[in-house]
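*Asks:* Have a look at the structure that comes next, please.
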Amino acid sequence: MTTGANRILDDFAKLMTDAAGAAQGVRKEAETMFRAQAERFINGMDLVKREEFEAVREMAIKARDENDALLKRIEALEARLNAGG
């Protein structure tokens, strides 16, 4: 009788191990499908990558600084023209 009880417990343990393995496989497949859907959703949106944003930001800062410098030069030239004329 002990052998029969042990066999039942062994079969039950094997069944639980198989069920846990199957559940883990289903979980991994669900994660993969979720990631693929999320990636498709994000790619469908008109988002900018961080690197691209930072590059354009730096270009805008440089352009603004150059614009400020040119404005100062124009003001200085206008002041010279007005003083001389």
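*Asks:* Could you state the angle between the C-alpha long axis of helix 2-44 and the longest principal axis of the C-alpha atoms of the chain, as a value from 0 to 90 degrees rounded to the nearest 10?
*Replies:* Approximately 20 degrees, to the nearest ten.
*Asks:* Taking the alpha-carbon distance from Lys28 and a cut-off under 30 Å, which lysines remain once sequence neighbours fewer than 8 residues away in the same chain are dropped?
*Replies:* The qualifying lysines are Lys14, Lys49.
*Asks:* Which lysines have a Cα less than 16 Å from the Cα of Lys62, not counting those fewer than 8 places away in the same chain?
*Replies:* Output for Lys62: Lys72.
*Asks:* At 0.36 nm per residue, minus the direct Cα-Cα distance, what do Glu66 and Glu31 gain on full extension? Give it in nm, one decimal, please.
*Replies:* Working: separation 35, 0.36 × 35 = 12.60 nm, distance 4.93 nm.
Computed gain between Glu66 and Glu31 is 7.7 nm.
*Asks:* Same structure again: For the pair Lys49 and Ala23, what calculated FRET efficiency results from E = 1/(1 + (r/R0)^6), where r is the Cβ-Cβ distance and R0 = 30 Å, to the nearest 0.05?
*Replies:* Details: r = 36 Å, r/R0 = 1.21.
My answer for the efficiency is 0.25.
*Asks:* State the three equivalent ellipsoid semi-axes of the chain, derived from the C-alpha gyration tensor as the square roots of 5 times its eigenvalues, in descending order and whole Å. It would help to have the intermediate numbers written out before the result.
*Replies:* On the way: eigenvalues 1197, 32, 5 Å².
The three semi-axes for the chain are 77, 13, 5 Å.
Just so you know, all these numbers are worked out from the coordinates, no wet-lab data involved. What you are looking at is a predicted structure, and each value in this text was computed from that prediction instead of being measured. We place every Cβ from the backbone using ideal geometry, glycine too, and count neighbours over all the protein chains shown.
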